[in-house]
């Protein structure tokens, strides 16, 4: 049986520091089994400026078993499945401890965004790109952040629309925008 | 309503050795039928109504009190992962059902306590053992074959139990509840403190300190 009193305390603790850390946790409904976590993309990374949502499910054995976490926001990262959002992180598996909390787990996920571990990948395609074509990885990760993790995800669509109106083919516009990480001016240079 | 135990049972007895000891607990169950009133008056320890088995929480509480007076180490029966008391209750209930025609039942509970586990057995007897008539160790050893065994989590022996005297600054890191004066607490060899229930439940999975990962199972 989940220790609901502890989960309540955790939610209170998270809300106290939400302004400073940007990390939030809120229940999906009346029970405290399903929650949504929110983390900001770390500064100085391709994920900067993005707000990433994470689905959290608490097992019956929580806090003696780790919470189940999965990215809801699409993210391009070697240790996070680009398809399912599954996270490869040791403290969410065998290295869990009941002294860890939802907040510390989310902080660890945020740290994972800053420091990918391509040798222990969740997504082999992304890990390969990270190792062999780092700049393309950075551009793609930034493009995915622009596309899926920003409130102004319409920004990409606006840029596509503008460039298409200049007469460039849409498919080529999209692929070049992705390659340059969503930078409209750089995309224009390459299209010409 | 079941009578409350006010004092330890008169005939609990401990035979102690370095490695293990055997605890005898005598439990008297009666239906308080009028015809047995005279017999009840002659008993030297208070009887317990057999109806307590219809109220598991009351039964468990009485057993816990009996165990507390019988020198069974507390970590054998305190903690969410310990099933010794429910198991004893089940055995007693089974024994009672086998002897339902008798108004007064005597039950001897034998618990052999080892370092990391205990064996227990419940034996119904037709008469009341006097103190000097307790079964020999050999007899008890044979009797425990029909009982059960209860193992502690691997790290439990590393715990040092104590009562909180001053309120601690840090709450239990597992349930995030504050320690108050008089609360039960358990200190690990690494000096981190938790509620006994909390840390024993974690030790079922892994005998490490949740805060610093100190391995507790190799300490004795």
In the stretch A:12-25, which residue that is without any contact (Cβ under 8 Å) to a residue 24 or more places away in the chain and farther than 24 Å from residue A:144 by Cβ is nearest to the other protein chains (Cβ to nearest Cβ)?
-> A:12
Does the stretch A:42-62 contain at least one residue that is buried (at least 20 other Cβ atoms within 10 Å of the Cβ), within 14 Å of chain B (Cβ to nearest Cβ) and closer than 25 Å to residue B:173 by Cα?
-> yes
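Can you tell me which residues in the stretch B:194-220 are more than 12 Å from chain A (Cβ to nearest Cβ) and at pLDDT 80 or above?
B:196, B:207, B:215 - these are the residues of the stretch B:194-220 that are more than 12 Å from chain A (Cβ to nearest Cβ) and at pLDDT 80 or above.
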Taking the stretch A:92-103, which residues are touching a helix residue (DSSP H, G or I) at 6+ places or on another chain (Cβ under 8 Å), within 14 Å of residue A:56 (Cβ to Cβ) and within 14 Å of chain B (Cβ to nearest Cβ)?
-> A:100, A:101, A:102, A:103
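The values are calculated or read from the model by the stated rules, or taken from the named source; none is laboratory data. Quick caveat, the model's predicted, so the values are computed rather than measured. Quick reminder, even Gly has a Cβ in these numbers, built from the backbone with ideal geometry, and neighbours come from all protein chains shown.
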